[in-house]
Structures are given as structure tokens and as C-alpha cells.
1. For residue A:152, state whether it is under 17 Å from residue A:205 (Cα atoms), buried (at least 17 other Cβ atoms within 10 Å of the Cβ) and away from ligand 1 (no atom under 16 Å from the Cβ).
2. Out of (1) more than 10 Å from every other protein chain (Cβ to nearest Cβ); (2) within 25 Å of residue A:87 (Cα to Cα); (3) open to solvent by 10 Å² or more (accessible area, probe 1.4 Å); (4) touching a helix residue (DSSP H, G or I) at 6+ places or on another chain (Cβ under 8 Å), the odd one out for residue A:133 is which?
3. Can you work out which of the residues in region A:173-188 that are open to solvent by 10 Å² or more (accessible area, probe 1.4 Å) and more than 22 Å from residue A:218 (Cβ to Cβ) is nearest to ligand 1 (Cβ to nearest atom)?
4. For region B:95-103, does any single residue satisfy the condition of being assigned to a loop (DSSP other than H, G, I, E, B) and either more than 20 Å from the chain's Cα centre (by Cα) or modelled with pLDDT under 95 (or both)?
5. Give B:99, B:59, B:119, B:115 a once-over and let me know the one that is surrounded by fewer than 24 Cβ atoms within 10 Å (Cβ to Cβ) and without any contact (Cβ under 8 Å) to a residue 40 or more places away in the chain.
6. Among A:236, A:204, which is within 16 Å of ligand 1 (Cβ to nearest atom) and either open to solvent by less than 10 Å² (accessible area, probe 1.4 Å) or more than 25 Å from residue A:112 (Cα to Cα) (or both)?
7. Select from region B:287-299 the residues that are in a loop (DSSP other than H, G, I, E, B) and touching a Ser or Thr at 6+ places or on another chain (Cβ under 9 Å) and write down the one among them that is surrounded by the most Cβ atoms within 10 Å (Cβ to Cβ).
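The values are calculated or read from the model by the stated rules, or taken from the named source; none is laboratory data. Since this is a predicted model, take the numbers as computed values, not measurements. Backbone-built Cβ (ideal geometry, glycine too); neighbour counts: all protein chains shown. The accessibility values were calculated without ligands, DNA or RNA, using every heavy atom of the protein model including side chains. Shrake-Rupley method; radii C 1.70, N 1.55, O 1.52, S 1.80 Å.
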Amino acid sequence: MSATTPAPAVQRSAAPVVEVRDIGKSYGPVNALSGVSTTVNAGEVTCVLGDNGAGKSTFIKILAGVHTPSEGELLLDGEPVRFSSPRAALDAGIATVYQDLAVVPLMPVWRNFFLGSELTRGVGPFRSLDVKEMKRITYTELDNMGIDLRDVDQPIGTLSGGERQCVAIARAVYFGARVLILDEPTAALGVKQSGVVLKYIARSRDRGLGVVFITHNPHHAYPVGDRFLLLNRGTSLGNFEKSEITLGQLTSLMAGGAELDSLAHELEREMGRDSSLVQQLESEAERLPDVVGEAGTRARE
Amino acid sequence: MTTTDIVTVGNRPRLESRPLRKILARPEIGALVAALAVMLFFSVYTSNFMTLSGAGVWLESASTFGIMAVAVALLMIGGEFDLSAGVMTGFTALIVGVLTSHYGLNIWVAVLVSLVAALAVGALNGFLVMRTGLPSFIVTLGTFFVLAGIDLAVTKLITGQVAIQGMTNVPFYDSVQPLFGSSIQIGGGTFYVSVLWWFLATILATWVLLRTRAGNWIFAVGGQLNSSRQVGVPVLKTKVGLFMTTAGAAWLVGMISLFRTSTVQANTGVGQEFIYIICAVVGGCLLTGGFGSAIGAALGALIYGMVFQGITFAQWDTNWLRTFLGAMLLLAVFLNHFVRTRAGGAR
Ligand SMILES: Nc1ncnc2c1ncn2[C@@H]1O[C@H](COP(=O)(O)OP(=O)(O)OP(=O)(O)O)[C@@H](O)[C@H]1O
Ligand SMILES: [Mg+2]
């Protein structure tokens, strides 16, 4: 891999909502992330791509206030910040939709929608939930996002994965998020459902939110992304504007053409040339355009 | 949350498409049917079960278990158990007994001291469970035995006996007694104030569960702890609050038994913690948390009270009660499981 140094953030007139500079995190001796930089602008989607264990979740946990970075800087509207807890990040307008969606399957959709931020009416000891209003808002908010639920009273566990994902996104949008972080929202979904979720990502972006979209699928990232941060084993492979990289290059970077090559060689030694797996790997490595160096250089300019 | 629970959930919307189905999907429906069946059986089988005097007896029996079952149901919905709940009813009564009859403390003050002590033990249970991350089953099993030992040893040490009697001689006893132990006569039946406490506890718990933020949090922490934490639910406060509520209910029941009989045994309440759990489960609470109902638990306790007294009215050996309870528990769990797996397999 050639481009291991992160590209500097693109200069803009207004400060980005969130900017990270050379951020890193170690879990004791394990260096999970180091020297990663990128920006998140309002009305734009920043995609974070990388293989399993690349450090994607670690990266967003820093943004979400779950971890404090061991190195580097986190800037909110151009000012350095340090989030002490997820609540602090949430109060700053950074909402995270985790891989597990943070929903309680047995509870109704509307209760999940307002969980932790319930609407109440009445005073003192007689303060009770404003059930009617919460149901109404849940229904309209989901409707605004294009999700038509027959019954907001049904347990959220009964919704499909994509619908649940959309409820979680709608919830973050409703509660005034300025930055929306989505951890692999399409990982467990089929093609159609993934498309629906991508649509909501685009819709949230159009509503002016800065979106951080984590995925290991470049085909999901490329259509909606404005900027692509590539991670590999805790380091940055580059931070590209959409104009600087094509889908093919992105895919190749992701798959790591050089790595596929070496894997094929390794297997060849162990399994012999004729192994179909080796041949398959080799042909796959050949098909990938060698763009790693090229794209990396362009990004640094 | 186990997969079968999700399967149950997955089948709920289809069940709920019609109002009748919606009612059938409620957690307390099984207990309601069972309660009606038990009531019908003893009404027909014995002559004095369905009289005012009979009703006074089984309602009184159900009331103290009902208060505890409702509190334990909240705790179970919140995903925890409290095995010290039974012994706590004796613990609180003994505190009042010892402080007043042996140290001459004002009885009102003693009652309050006892409440504070109960809440402290509840808070301790909660903090131990949350701070260590150990299952509440084990932690409260520990406090259960600690308290059971204290009850016996300290009572014996101070009074030289294993019971406290003669509470009626304590000054101002009569001013507290009506609150917990009074009764009224209606058509030859004796109805205790504890029945009123039971109804109040059930109504309050139902309102809290379904219509307050705290109730939302209880379902959430029991249903999916991590998710609750991520969306900002005060997890520690909710869980500790639940343990304190259970302890508070145990105090109420302790006072009720003390002021109704004016005596208290050092082993009061030992072994009853399981009956509370049985009532809650029969009332529709899931052992895995996140699902259940206070009304269901109250109905579970009603079944217990009716069977307990019904067996006496029928002049059977009262030892059958436990056998019945065990069978009832198994039936409730099987029914739950059957509905789930059948619903799951129908896909
Ligand atoms: N709490 C932790 N303690 C120690 N090491 C950790 C911890 N969390 C993550 N790591 C390590 O840090 C590295 C990056 O993990 P991370 O979860 O950020 O990867 P990821 O890109 O999200 O992967 P995936 O696609 O599988 O979700 C991994 O090697 C992982 O083993
Ligand atoms: Mg991850």
C-alpha cells in the first residue's frame, strides 16, 4: 500500500461541522487507529470504508463520545472538543445509529422512537407520557421519510431490518441531529432494502445533515458519498473527494489489489498451482486496475 | 432477549389485526382466564367460598402476596430478580418490633426507620448488581441469607426469643395500627385495609409502567440494556429504583403483617420470595425481562389467595397448595412457550 499518509482536509470557506485531525486510539497495547483525518460538512455524506477490523467502529466511537481519542484532535464547528460521554456528543448534535440500532425489540415503535427523550404533560407527580402526541409525531416523521407504517403500536422487532434502520435514522433526524453517524446500516440487508436505506441517507443529507456512513461495500458508498475515507488495519489509505476517485478505483483500493496478489502466492505455495481457489484469486487480482499509487498521489495534491 | 421472544413479537402484529386478537395478545390474559376458572371451581365446589365472609378471607390472603408480586413484576420486567424480597418483610417488621418494645423508640419513628433501612438494603442490592455486573439472582441470594441470619440472631440476642410479642402495649400502637392492620365488616365478611393497599399498588404500578417515563425505562432496561444506555436512558437510576421499590413494598407488607397480628416471628417471609416470582410469571412476566404486567401479577396473587383459602374451605390437606403452585407455574410457562413456538412454526 503506497498512500498511508492521510490527505489534508479540503479547504472550505465555512468550517466543517466536524473535523478530525490525525486522530488515533489504542486499546492498551493494541493500536486500533492512528493518524486518521477527515471532515464532515453539512449536507454532505462522508463515507468510511474498510475491511473487518480496519478500525471503522473505533473511529465512529470517537466521534460519538464513546471513546476519547488517545491522539489527535476533534473539532466541532472549528473549535476543539472532547466528548466525555455519548450523551455529550448527542447534546452537541452528533447522533449515532449503531450496528445493533439501539432499539428494544419488544417495545412498540413509538416508544422506541421517543425512548430516553419521552414527551410528557402535567406537572409534578402527575407528569405522564403524552402518548397521543408521541404516536402522532412518530407516524408523521416516519411518513416524512417515506415509511408507511400501518401501526406505530407494533413492537419494533416486527419490522424488517431496513424499516428498523429507517426508524433509527428518522429518530436521529427528529431529535435535531446535525451529524448523523451510521455504522454499517446496510450490512445485514438485501439489495432492495439497502437501496431504501441509501435513499434515506440521501434524504437526510438533503435536509442539511452531515452524514458519516460506515460500510465495507463501495457500491453502497459511491452513489451517496461526497467524500471517502479509506481505512486499513487502523491507518488511513487516503481521504478522497468524490471528484478524485472513481468507483473502480475505490473498489480496487478497498479490495487491496496487492494484497490479493500476495494471498494468491501464499496459497500457491501451500496448495499448489492448480488449486482452483488460487487461480480464482489470481484472475481477480489481475482484473483489478492498479490505481493505488495514482489515486493516493492525486489526493495529496 | 432470546430468539423465541423475537418470534413471539414477530407474530404479534398479525395477531393484533382484530380487537379480539389484540386483547388475547396482552400478557395478563392467561392469568385472567385462570383466575376466573379457579373462582368458578371453588364457588361451585364449596358453599362458603363465594360469600362475603369467604371473599374477605381469600382477598386478605391474596393482598400481601399481591403487593409483593406487583413490585417483583416491575423488577422482573426491568430484567432482575430479588430473592431477598421475602425475608425483607420479616426484617422490616422486626426492626419496628425491637426498636419499640425493647428500646422504647416512638413507634412512628420506628416505622420510618424501618422504611429507611429497607430502602437502603434495596439500594445496596441495586448497586451491587449494577456495579459488579453479576446476576441479581446471586447477589440477592446473598443478601437473602445475610438478612435471614440477622433476623434470627439479632432478635434472639436482644429479646432472648425468636419472636416479638405484646406490640399492643407499645405507646401509640393504636395510632399506627389502623393504617396497616384495620378492617371493616361488610355483610358478615371482614375486609382488611391491606386489600386496599394491594389495589392501590396495582393501579399505581400499572400507571407508572404504561404512562410514565420511568415505565418506559423499565421496559427498556429489561428488554435491551445496551440499547437503553445508548439512547440515554438512566439505566443505573432505573434499576436501583426498581430494587428500592421492591424493598419498599416489602416494608409495606412487613408493616401490614406486624399491625394485623401484633406479633412477628424471626423467620417471617423466608421462602415467600419464590411465590412472588411465581405470581409474576403466572401473570405473564417473561423471565428474560422486558415484558409483563402489574395487573397480571396481581391476578397471579389473586389465584394464589383463592387456591390457598379454597383448599381450606374444601377441607383438603393444605400441603397440596405447593403442588398446585408448582403445576400452575409449569402450566403458565408451557403455555407461554407453546404459544411462541407454535406461532413461530406457523410461518
Ligand atoms: N475494546 C477493544 N479492546 C481491544 N481491542 C479492540 C477493542 N475494540 C476494537 N479493538 C480492535 O481494534 C481493531 C479495530 O476494530 P473495529 O471494531 O474498529 O473494526 P471495524 O472496522 O469496525 O471492523 P468490522 O467491520 O468487523 O466491524 C480490531 O483489531 C479490534 O480487534
Ligand atoms: Mg464495526
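1. Numbers: under 17 Å from residue A:205 (Cα atoms): no; buried (at least 17 other Cβ atoms within 10 Å of the Cβ): yes; away from ligand 1 (no atom under 16 Å from the Cβ): yes.
So residue A:152 fails the test.
2. (4)
3. If we take residues in region A:173-188 being open to solvent by 10 Å² or more (accessible area, probe 1.4 Å) and more than 22 Å from residue A:218 (Cβ to Cβ), then A:177 is nearest to ligand 1 (Cβ to nearest atom).
4. Yes.
5. B:99
6. So the residue among A:236, A:204 that is within 16 Å of ligand 1 (Cβ to nearest atom) and either open to solvent by less than 10 Å² (accessible area, probe 1.4 Å) or more than 25 Å from residue A:112 (Cα to Cα) (or both) is A:236.
7. B:293
Every residue, every condition in (1) surrounded by fewer than 19 Cβ atoms within 10 Å (Cβ to Cβ); (2) more than 14 Å from chain A (Cβ to nearest Cβ); (3) at negative phi; (4) touching a residue at least 60 places away in the same chain (Cβ under 8 Å), yes or no:
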site: B:222; (1), (2), (3), (4): no, no, yes, yes
site: B:234; (1), (2), (3), (4): yes, no, yes, no
site: B:246; (1), (2), (3), (4): no, yes, yes, yes
site: B:258; (1), (2), (3), (4): no, yes, yes, yes
site: B:265; (1), (2), (3), (4): no, yes, yes, yes
site: B:279; (1), (2), (3), (4): no, yes, yes, yes
site: B:282; (1), (2), (3), (4): no, yes, yes, yes
